[in-house]
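The values are calculated or read from the model by the stated rules, or taken from the named source; none is laboratory data. This structure is a prediction, so every number in the text was calculated from the model and none was measured. Ideal geometry is used to build each Cβ from the backbone, glycine not excepted, and the neighbour counts take in all protein chains shown.
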Ligand SMILES: [Zn+2]
């Protein structure tokens, strides 16, 4: 949809400020989701069933509303909005699970499992991560159905389990392994990434996430003879490990660039200026200015993280008694791998930096490595157009995140995946995963409306 048809939903969105304390159909969906505990111990099935019931009641065929998953309490919901088949389907994902929510630490009067509106915010576990996105998808399927929307391609929503905990019940992995045909698509939009950023009530930017770094850990271990601490010898596992880690501290991986990070640097230089604007512009060029990259990496941990693979020591332990020489010492090095760097390259770079063949390096867990997705003109164009309608003048950036989500699984399987979300989050992340998790009420309403316009733009005529 490119026009400004003045539908009831548009009206509700425009009148958001006047809706303080009131309910809307989309807010009702969010309220129900928050009131259903989907922390790891409880699982997602109750929430999946509740959303399935709403969709069936709205006329979706039973065969298009599927509940399935790795375990009875870890069901995923897959819903198909049938189109005319003129283009391949679009998959839309958001996870149903949320991190644990101990009541301690929440302000008086707030309950993690009750949606509370206070001072312009919705509070409750999952409102930011990412039940607002689940509500936007479910509500818009209901709304589009009620309006008689006839898409030119199928839209498939998958609401999934265990994004936060990973493992064998992770819904996206489980669906890809067992029922890829249910969710196969030309591309996927993940509402758990991307989106707008807001600071002190001011909208800063909208982002579309096209890539993520993978998370990969290694264990580094030193051994030594041990003995009585009154008779120290040179061979000491703790010193050996410490010396190696000091060399890791100085390790810098080579700079890397891709289509998204180049476009990001170029647009941020143009839109935000500031003293680093010249360097930002210089790294967006072909070939990039590596001295400028070094200055940016030095100036900001964030710029550093999107310019290269990083590895950092995150844990260590060693020895076994105050009065004994150590027999072993170990540390965990956590790496965030730039798309395109291989696991072997990362490991070999660490081994070279440690420069001590007595230090054993072994794998200690990893996400799948996945390529970045291309900047899809159809999607970028639609997001830019809708953002210009809803928030005139707001810059839109493609971004690569230095962390990882379910999108990696899909990208690895060859489904280009984009973090897209119309809800503006605060730069401090709105206490996501912590106490007093919150989202501005207006952000929620805008996110719902943005998703509506985006679905019509991508699947309408
Ligand atoms: Zn999330």
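For segment 59-74, how many residues are outside any loop (DSSP other than H, G, I, E, B) and touching a strand residue (DSSP E or B) at 6+ places or on another chain (Cβ under 8 Å)? Quick ask: steps written out before the conclusion?
Narrowing segment 59-74 to residues outside any loop (DSSP other than H, G, I, E, B): 62-69.
Right, trim to touching a strand residue (DSSP E or B) at 6+ places or on another chain (Cβ under 8 Å) and you get 64-69.
Total satisfying the criteria: 6.
This table checks each residue for (1) over 20 Å from residue 215 (Cα atoms); (2) assigned to a loop (DSSP other than H, G, I, E, B).
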position: 363; (1), (2): no, no
position: 368; (1), (2): no, yes
position: 378; (1), (2): yes, no
position: 383; (1), (2): yes, no
position: 388; (1), (2): yes, no
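Hey, any hits in segment 401-414 for a residue that's surrounded by fewer than 19 Cβ atoms within 10 Å (Cβ to Cβ) and in a helix (DSSP H, G or I)? Within segment 401-414, one or more residues are surrounded by fewer than 19 Cβ atoms within 10 Å (Cβ to Cβ) and in a helix (DSSP H, G or I).
Residues considered: 150, 136, 158. Of these, the only one that is buried (at least 17 other Cβ atoms within 10 Å of the Cβ) and not in a strand (DSSP E or B) is 136. Of all residues in segment 400-421, those that are away from the ligand (no atom under 16 Å from the Cβ) and in contact (Cβ under 8 Å) with a residue 40 or more places away in the chain total 6. Looking only at segment 117-133, which residues are part of a strand (DSSP E or B) and under 24 Å from the mean Cα position of the chain (by Cα)? Within segment 117-133, 121, 122, 123 meet the criteria. In the set (1) under 22 Å from residue 184 (Cβ atoms); (2) crowded, with 20+ Cβ neighbours inside 10 Å, the condition left unmet by residue 443 is number (1). Note on segment 188-226: residues that are at positive phi and either assigned to a loop (DSSP other than H, G, I, E, B) or without any contact (Cβ under 8 Å) to a residue 40 or more places away in the chain (or both) total 4.
Of the numbered criteria (1) exposed (fewer than 14 other Cβ atoms within 10 Å of the Cβ); (2) modelled with pLDDT under 95; (3) closer than 30 Å to residue 90 by Cβ, the one residue 365 fails is (3).
Please determine whether any residue of segment 361-371 is under 30 Å from residue 174 (Cβ atoms), within 18 Å of the chain's Cα centre (by Cα) and within 16 Å of the ligand (Cβ to nearest atom). The answer is yes; a qualifying residue exists.
Return yes when residue 173 is within 16 Å of the ligand (Cβ to nearest atom) and farther than 28 Å from residue 441 by Cα and no when it is not. Against the criterion (within 16 Å of the ligand (Cβ to nearest atom) and farther than 28 Å from residue 441 by Cα), residue 173 qualifies. Scanning segment 431-440 for residues that are surrounded by fewer than 22 Cβ atoms within 10 Å (Cβ to Cβ) and either closer than 20 Å to residue 367 by Cβ or within 12 Å of the ligand (Cβ to nearest atom) (or both) gives 432, 433. In segment 316-327, is there at least one residue being part of a strand (DSSP E or B), at pLDDT 95 or above and under 15 Å from residue 364 (Cβ atoms)? Yes; the residues of segment 316-327 include at least one that is part of a strand (DSSP E or B), at pLDDT 95 or above and under 15 Å from residue 364 (Cβ atoms).
When you check residue 171 against the structure, is it in contact with a helix residue (DSSP H, G or I) (Cβ under 9 Å, 6 or more places away or on another chain) and outside the structural domain of residue 260 (by TED's automatic domain parsing), yes or no? For residue 171, the condition - in contact with a helix residue (DSSP H, G or I) (Cβ under 9 Å, 6 or more places away or on another chain) and outside the structural domain of residue 260 (by TED's automatic domain parsing) - is not met. For segment 75-111, a tally of residues being within 16 Å of the ligand (Cβ to nearest atom) and either closer than 17 Å to residue 46 by Cα or part of a loop (DSSP other than H, G, I, E, B) (or both) returns 9. Residues considered: 101, 70, 94. Of these, the only one that is crowded, with 19+ Cβ neighbours inside 10 Å and at pLDDT below 95 is 101. Residues that are in contact with a strand residue (DSSP E or B) (Cβ under 6 Å, 6 or more places away or on another chain) and away from the ligand (no atom under 16 Å from the Cβ) within segment 441-454 comprise just one, 441.
Could you tell me whether residue 181 is within 30 Å of residue 379 (Cα to Cα), buried (at least 19 other Cβ atoms within 10 Å of the Cβ) and at pLDDT 95 or above? Answer is no for this residue. Evaluate the following for residue 114: is it more than 22 Å from the chain's Cα centre (by Cα), more than 19 Å from residue 164 (Cβ to Cβ) and part of a loop (DSSP other than H, G, I, E, B)? The answer is yes for residue 114. Taking the conditions (1) closer than 24 Å to residue 375 by Cβ; (2) within 16 Å of the ligand (Cβ to nearest atom); (3) in a loop (DSSP other than H, G, I, E, B) in turn, residue 185 satisfies each one other than (2).
Say whether the condition of being surrounded by 17 or more Cβ atoms within 10 Å (Cβ to Cβ) and either closer than 30 Å to residue 450 by Cβ or free of Cβ contacts under 8 Å to residues at least 12 places away in the same chain (or both) is met by at least one residue in segment 249-257. Yes, segment 249-257 has at least one match.
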